Amino acid sequence: MIYIGCDHGGFALKQEILKYIKEDLAEEAEDLGCYDTSSVDYPDYAEKVCKKVVAENAKGILICGTGIGISIAANKIAGIRCALCSEPFSAEMTRRHNNANVLAMGGRTVGSELAKSIVKVFLTTEFEGGRHQKRLDKISALEAAK
Ligand code: RB5
């Protein structure tokens with residue numbers, strides 16, 4: 001299951017990405033809101049998506065206007081490695097090296113076709129493990145020391 005959420009700044013792109021995941025990638029996705037363009041607070045949607053991601057060892061996608069606020073909020077949640085990406089190379093590398101479990105994008109900064117290519121790479125690239133796991137363990141230690 002892929003969990004997806006957004007604020008009002010990410011709503012239009014979220015709708016397109018949700019359709020793309022379900023129809024073109026044939027993956028299951030659950031939309032955790034928001035559900036229209038009324039003004040909301042992005043940390044609430046980061047929390048909804050990230051709690052599911054951690055509880056189910058799943059993947060998530062978060063979209064706000066720039067992707068910045070929602071990625072900052074996501075990375076406050078233990079167990080979340082959220083990467084803000086605006087092109088596919090970063091999405092590939094954050095899966096291979098950082099084992100990112102949440103992708104953030106900006107609805108006002110990334111066009112929908114580019115966003116789809118970012119999502120596809122993010123959802124289909126595996127973590128390489130090896131030397132990268134040691135670094136993720138150090139990130140977990142930083143989180144535990146909070
Ligand atoms: C909302 O206006 C906007 O601040 C939000 O979508 C996001 O860009 C924050 O980082």
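Tally Lys and Arg at +1 and Asp and Glu at -1 over the other residues with C-beta under 10 Å from the C-beta of Tyr45: what net charge comes out? Can you show the working numbers first?
Numbers: positive: Lys14, Lys48; negative: Asp7, Asp41, Asp44, Glu47.
Here the count lands on -2.
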TODO: Taking amide H positions as placed in the peptide plane 1.01 Å from N, state which residues far from Ile61 in sequence (5 or more) or on other chains have amide H under 5 Å from it.
DONE: Tyr3, Ile4, Gly5, Leu103
TODO: Any of Lys19/Lys134; Lys19/Lys48; Lys22/Lys76; Lys14/Lys134 with alpha carbons more than 27 Å apart? Name them for me.
DONE: Lys19/Lys134; Lys22/Lys76; Lys14/Lys134
- [ ] Apply the Karplus parameterisation 6.51 cos²θ - 1.76 cosθ + 1.60, with θ equal to phi minus 60°, to every residue of region 21-33 and state each ³J(HN,Hα) to the nearest whole Hz, in sequence, with x for glycine and proline.
- [x] 5, 6, 8, 8, 8, 6, 10, 7, 9, 10, 8, 9, x
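Let me check I've understood the local charge: for Ile68, count other residues with C-beta under 13 angstrom from its C-beta, Lys and Arg +1, Asp and Glu -1. What total comes out?
Details: positive: Arg108; negative: Asp7.
Local charge sum for Ile68: 0.
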Task: For region 54-69, 3J(HN,Hα) per residue [Karplus equation, 6.51 cos²θ - 1.76 cosθ + 1.60, θ = phi - 60°, Hz, x = Gly/Pro] - done: 5, 5, 10, 6, 9, 10, x, 10, 10, 9, 10, x, 9, x, 6, x
Open item on the list: Around Gly5, under 14 Å between beta carbons, what's the net of Lys plus Arg minus Asp minus Glu among the other residues?
Closed with: -2
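Under a Cβ-only charge scheme (Lys and Arg +1, Asp and Glu -1), can you give me the dipole magnitude of region 1-87 about the Cα centre, in debye to the nearest 20? Working shown, then result.
Working: 9 positive and 14 negative charges, 67 e Å.
Charge dipole, region 1-87, about its Cα centre: 320 debye, nearest 20.
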Open item on the list: Only sites in a loop by DSSP and with at most 14 other Cβ atoms within 10 Å count here; which GluC sites (Glu not before Pro) in region 37-141 make the cut?
Closed with: Glu126, Glu128
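Bear in mind these aren't lab numbers, they're just calculated from the coordinates by the rules spelled out. Computed from a predicted structure; not experimentally measured. So basically every Cβ, Gly included, is an ideal-geometry build from the backbone, and we count neighbours across all protein chains shown.
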